[in-house]
1. Once a ≥ b ≥ c are taken as the square roots of the eigenvalues of the Cα gyration tensor of the stretch 124-225, is the result rounded (a/c under 1.5), prolate (a/b larger than b/c) or oblate (a/b not larger than b/c)?
2. Tell me the per residue accessible area of the stretch 10-219 using a 1.4 Å probe; a whole number in Å² is fine.
3. What part of the accessible area of the stretch 18-122, given as a whole %, is carbon or sulfur when the probe is 1.4 angstrom?
4. Please list, in chain and number order, the residues 5+ apart from Met39 or on another chain whose amide H is under 5 Å from its amide H, with Hs placed from the backbone.
5. Can you spot the lysines whose alpha carbon is less than 24 Å from Lys121's alpha carbon? Ignore those fewer than 8 places along the same chain.
6. Calculate, in nm to one decimal, what Thr219 and Val47 gain on full extension: separation in residues at 0.36 nm each, minus their alpha carbon distance.
7. Whole angstrom only: what separates the Cα centroid of the stretch 201-215 from the Cα centroid of the stretch 1-48?
8. What residues have an amide H closer than 5 Å to that of Leu13, excluding those fewer than 5 places away on the same chain, when H is modeled at 1.01 Å from N in the peptide plane?
Amino acid sequence: MSFTLEAGQVVGLMGDNGAGKSTLVKMIAGNFRPSEGTMRLEGKEIVMHRPVEARQHGIEIVHQDLALCNNLTAAANVFLGRELRRGIGPLKVLDYKTMYRRAGEIFKELKSETRPRDLVKQMSGGQRQAVAIARTMLSEAKIVLMDEPTAAISVRQVAEVLNLIRELRDRGIAVVLISHRMPDVFTVADRVIVMRRGRKVADKAIAASSPEEVTGLITGAIEQV
Ligand SMILES: Nc1ncnc2c1ncn2[C@@H]1O[C@H](COP(=O)(O)OP(=O)(O)OP(=O)(O)O)[C@@H](O)[C@H]1O
Ligand SMILES: [Mg+2]
């Protein structure tokens, strides 16, 4: 499949279980090597061997299973693998103070009520999403890939997560939103891409489509548009 992402645009990526959505975003995030084809970022071809390389390009992913550490605080999860240190040489220690402060700022920017010192294991699904999304804002992300961020949370929390997506979009980030939930995609996305059995069967403006058409494309009742 071939497609383009635009800065400040939300693309809904839809398709049935096993259609290849997660596999596709994992390739963009450097988790999987594509067996063929090319990826370009701002016109330049990029080749990634590891997720850290995707991050260096400004590509961040929120995985389907979130991949958070339940026994740690919100702030520690935001900085997981990118911990701040202070001091010099062998005397370097983790700079918790700055990490708590910076995490607090990011939650505020996202208009999330999450508190940096709260333990993730005590959080609701929506709050966990906020922590995972805050992780993507540590560096200057250009692309944020979100795999089913609203699958396992309550109605009220869905609205919060959709707001977080709008915050990312308003910062000029290109967002890919994988979702099975038609209302989410039709509320927040500018474009919808539908995959079926590993192929793209539709790529169009939300305003030019409808939930009925997308359902037909997902199931195969409609071949391709
Ligand atoms: N390199 C590969 N070659 C062949 N099959 C693959 C390869 N990589 C992944 N698959 C298969 O492709 C399918 C796509 O899975 P994927 O997790 O991407 O689906 P999904 O659209 O995210 O589904 P869900 O909605 O259930 O999360 C899976 O059956 C997976 O085992
Ligand atoms: Mg998936």
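1. Numbers: a/c = 2.14, a/b = 1.66, b/c = 1.29.
Since a/c reaches 1.5 and a/b is larger than b/c, the shape of the stretch 124-225 is classed as prolate.
2. On the way: 10800 Å² over 210 residues.
Value returned for the stretch 10-219: 51 Å² of accessible area per residue.
3. On the way: 3400 of 6710 Å².
Ligands and nucleic acids excluded, carbon and sulfur reach 51 percent.
4. Residues meeting the amide H criterion: Ile46.
5. Lys97, Lys108, Lys111
6. Values: separation 172, 0.36 × 172 = 61.92 nm, distance 3.32 nm.
Answer, rounded to one decimal: 58.6 nm.
7. Result: 19 Å between the Cα centres.
8. Leu177, Ile178, Ser179, Ile193
The values are calculated or read from the model by the stated rules, or taken from the named source; none is laboratory data. If you're wondering where the values come from, they're calculated on a predicted model, not measured in any experiment. Calculation scope for accessible area: heavy atoms of the full protein, side chains included, ligands and nucleic acids excluded. Shrake-Rupley method; radii C 1.70, N 1.55, O 1.52, S 1.80 Å.
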